[in-house]
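Quick notes on the structure that follows.
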Amino acid sequence: MDGAQKQKDRVARVKVDIKNSAARRRELSASEANPDRLDFTLVLEATPPHGRRQMQSNPLGGAVPSMPPPSHDASMRSGTAFDMITGLGPANEPYELAFTQQINNEYIMIYLDHFFPFLFPFYRPLLLEGGRGWLLQLIATNQPLYHTTLSLTACFMSVAHFAASMADGPCNGYALNELSRRASTSFESLQHELRNLHQLDADDRLVRKACIMDSIVYLQRFETLISNSEHFLIHMNAAVELFEQILNDDSAEAADGSHRFKAVLRRLARPLCLGDTRGTPWTSDQAGFRFFTALLIVDDIVASTALNAPPRLREHHRDLLTTTSATDVRPAINLEAFIGCQNWVMLQVANVSALAAEKQISKQTGTLDMMKIVDDAKGIKDALVDGLSRLAANTGEPKERSILDVFASPTQSQVNPGDSTLVTRIWAYATLAYLSVVVSGWQPAHQEIRENVSRVLALLPQIRAPALFRSVFWPFCVAGCLAESWQREQIRETVNGLEPRKLFGTVGQALEMMQSVWRQNDAEGDSGSRDLAVCFGILGRPLVPT
């Protein structure tokens, strides 16, 4: 404060900050008209070695324009994981950077302690699998994931502050500003990573592609949280394309004939630490790739029901979700450990969506063979009924315990052993209702549809913790669309009981969609031309209930 040049420079910086904050406040004020929706777009642009420009395909039509190159502020200049976490990287204002990093570190620990278990309550990796330490390692070394974590935490914190005080306050405003700033930085970081892929050798490129895929799938959860299903689909397509590139890498072929996924995991392992089904801890790269692959598979299956198309990753389901040989103790990906629903149900959801797409295409080409459709549907129904019978037979069996249960994950207290069985049953009954619509058309009064919808709605109140509701969002949407008039009040009460509403992503859009479907049902009655994909798009924007 001596009137010299440094003071003038500081005043200029403060003025710029004020202008930027005002712009962010204007953007946020516009979003408050629809508080469940904050609008961010991720644009993925990769520059191949020969300089040919590639545009990310937009499934909703058109190409996505490129964003400006990433900025290089203090948060981006930190070049190492140690710099990023400790705040000891180069900066002109060490005190300011240290204060910022202190807040960032607190946000990361809040996320790990509170918000990650809320988002993924069923994910409880065993001690000998490495626990959740891989997440901290990836956050520390992956800038897009780091900034997305801060964005998610800012979003949660803004909701928490508002829920606690029921009014806007300084902390709430700060959290919202952080949400906007960090989300933009996440997208810029991803673009930067993609542009530099071609500069890496084969092994490093594989690791970076896996990290970028992890970040994009991670961003999908952010998009779900802020009720932005349109961008969710764009990001999912980008993640699927990257996943296919990783598996199709010639150097990733499995010499022993096993699926390429296992070969990729071997290449992501550190020497002398090869995580596999024998219980050896996974490395952070391996654990992250497995975790986000599981989420991508689920997102792809659920999105296929909204798009009336087969899952794009369906060709990998047999190798990833089933035991393909007598030597396999468990499938490569056990979805129950990630989302609470067992693999056999998710496989049948994928089969039903593929059957729906086949029926639609054959009707358009005049080659519809209903005998084949009915025959294929019978096989799916038998698999679901057999699976439900096995679940009923296993009810009440004591869980096999181990001395390592003493070191259970902190999320253990949020999930009971029977919760995954409950979630699996809800998914199975909703899939049976979905199958009946595909075969018989839109007939909510059909006996099988009524029975299975009633079973879903009867099981939903048994969901103890609100966080577990996120695992049955798709079945809830299916049952809600097909609910009879006397069941609709239960649907509304279920949605109204999810407070604060913003922590449950697109649930507000889902209720709006259901009410539109109910009005059409009342006005038009049963309509053979309607299906679940039409319902999920009835608002003019695709709803992906995941």
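A single entry from Gly418, Gly441 fulfils the requirement of being within 21 Å of Ser304 (Cα to Cα), at pLDDT below 95 and small (Gly, Ala, Ser): Gly441. Taking region 105-129 as the range and being among the hydrophobic types (A, V, I, L, M, F, W, C) and surrounded by 20 or more Cβ atoms within 10 Å (Cβ to Cβ) as the test, the residues that pass are Phe115, Phe120, Phe122.
Residue-wise test of (1) surrounded by fewer than 17 Cβ atoms within 10 Å (Cβ to Cβ); (2) without any contact (Cβ under 8 Å) to a residue 60 or more places away in the chain; (3) more than 18 Å from Ser304 (Cβ to Cβ); (4) out of contact with any strand residue (DSSP E or B) (no Cβ under 7 Å at 6 or more places or on another chain).
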residue: Met346; (1), (2), (3), (4): no, no, no, yes
residue: Leu355; (1), (2), (3), (4): no, no, no, yes
residue: Ser362; (1), (2), (3), (4): yes, yes, no, yes
residue: Thr367; (1), (2), (3), (4): yes, yes, yes, yes
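What residue, among those in region 303-324 that are open to solvent by 50 Å² or more (accessible area, probe 1.4 Å) and not in a helix (DSSP H, G or I), is modelled with the lowest pLDDT? The selected residue is Thr324. If you go through region 339-363 and keep only what is outside any helix (DSSP H, G or I) and at negative phi, you end up with Cys341, Gln342. Note on region 111-154: residues that are outside any helix (DSSP H, G or I) and within 22 Å of Asn334 (Cα to Cα) total 10. Restricting attention to region 491-514, and to residues there that are open to solvent by 60 Å² or more (accessible area, probe 1.4 Å) and at pLDDT 90 or above, which single residue is farthest from Pro545 (Cα to Cα)? Looking at residues that are open to solvent by 60 Å² or more (accessible area, probe 1.4 Å) and at pLDDT 90 or above, I get Glu493. Restricting attention to region 515-531, the residues that are open to solvent by less than 50 Å² (accessible area, probe 1.4 Å) and modelled with pLDDT of 90 or more add up to 3.
Regarding Arg390, is this residue open to solvent by 80 Å² or more (accessible area, probe 1.4 Å) and modelled with pLDDT of 90 or more? So Arg390 passes the test.
The values are calculated or read from the model by the stated rules, or taken from the named source; none is laboratory data. Treat the numbers as computed from the prediction; the structure is a model and nothing was measured. All Cβ positions, glycine included, derive from the backbone under ideal geometry; neighbour counts span all protein chains shown. Just the protein is used for accessible areas: all its heavy atoms, side chains included, with ligands, DNA and RNA removed. Shrake-Rupley method; radii C 1.70, N 1.55, O 1.52, S 1.80 Å.
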